[in-house]
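Trainee: Please read through the structure below; I'll follow up with questions.
The values are calculated or read from the model by the stated rules, or taken from the named source; none is laboratory data. Note that the structure is a prediction, hence the values are computed from the model and not measured. So basically every Cβ, Gly included, is an ideal-geometry build from the backbone, and we count neighbours across all protein chains shown.
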């Protein structure tokens, strides 16, 4: 990078440049102004000498001078130096340290105390400080002395301009001599454009989170849709499925004169390390791809229950969508581990009303047999009741739950509605 530094003796006293630094954007892509009376221009990839002359012309200050170098401190010293011929001083690559060697340390703007200490030991020029050992400078002059020592050697870590963000991956095609109305031809074109976009993502080590599909219409209109996959990806096949699905549902007022795709958001591609002894790792990719297609086509199909504090079991849990990564985590990291067997309650979404024969048992009635859709079932053991009641904030309820074992070995969950004296089957264990 070539830095152009512009300085004038009057600016350092608070006068400042007489023009708006934004005017300098006509000749340089980036401009920065410092409060201490220095203007910077980015001349990377440009003829730096001409840029410096154009900046001086627009500044309009006859006493202003410009320095050009690949190191900020060298460009600034070149602009501040006196006795140089011309208003523009260019320091070539490799000559920065030699250029600084004959310049007084005062041009580097050290503190008055440090400058007095250095002059006290006979060090007045940048070259005289640069030849000293760093350890000796640090012991004698501390951290401030080391910073000045580095500058005197042409070592300036400052970033005058922020790094230019990389251009977002994109590709487009204009249909010059014809227009397109067939969705299949649009899909064919999108496939070719997505190839270059996803290849650019892979080179950067990135995955795309959102992609904008743009159609330019023959009537001058523009149609845009933002596509989002089940998970960030650089797979052309995954993005093509989304584009195809969008185009197949598409109804446009006119023919298409151009098509473009642009990545709107990215993230760093994660690398997953596999285990050679993990029996599930070989098929994890296929499972993940299948889940991705389901989610992209059907919406949030992978869910898990979230428990609330509601006393009624059918209202206690609600289904929440699960991100794709946790959904396939068991496949990725199973490692051949078998979960301990246990009974799982299969809860009916709505309790099923059943016919029950019950007998008196103390302060309650216990079921001895019930009839569901499969017929009558004889109850061998009925544990309970577990009572719940409430509902002052909604419809009141009062239930007596029983865990019932039938003679065929089934384990069922029955309850009696105390307000209506009806029996319901709420679920079973398997």
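Trainee: Only one residue in 200, 190 is buried (at least 20 other Cβ atoms within 10 Å of the Cβ) and not in a loop (DSSP other than H, G, I, E, B). Which one?
Mentor: 190
Okay, residues lined up against (1) surrounded by fewer than 11 Cβ atoms within 10 Å (Cβ to Cβ); (2) at pLDDT 85 or above; (3) out of contact with any strand residue (DSSP E or B) (no Cβ under 8 Å at 6 or more places or on another chain); (4) in a strand (DSSP E or B):
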site	(1), (2), (3), (4)
212	no, yes, no, yes
215	no, yes, no, yes
239	no, yes, no, no
243	no, yes, no, no
262	no, yes, no, yes
265	no, yes, no, yes
272	yes, no, yes, no
294	no, no, yes, no
306	yes, no, no, yes
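Trainee: Just a yes or no: is a residue in the range 174-185 in contact with a helix residue (DSSP H, G or I) (Cβ under 8 Å, 6 or more places away or on another chain), surrounded by fewer than 18 Cβ atoms within 10 Å (Cβ to Cβ), touching a residue at least 24 places away in the same chain (Cβ under 8 Å) and outside the structural domain of residue 103 (by TED's automatic domain parsing)?
Mentor: yes
Trainee: For the range 159-168, name all the residues that are within 17 Å of residue 34 (Cα to Cα) and surrounded by 10 or more Cβ atoms within 10 Å (Cβ to Cβ).
Mentor: Passing the criteria: 160, 161.
Trainee: Another question, then. For residue 132, which of the numbered conditions (1) in a helix (DSSP H, G or I); (2) modelled with pLDDT of 90 or more fails to hold?
Mentor: Of everything listed in (1) in a helix (DSSP H, G or I); (2) modelled with pLDDT of 90 or more, residue 132 misses just condition (1).
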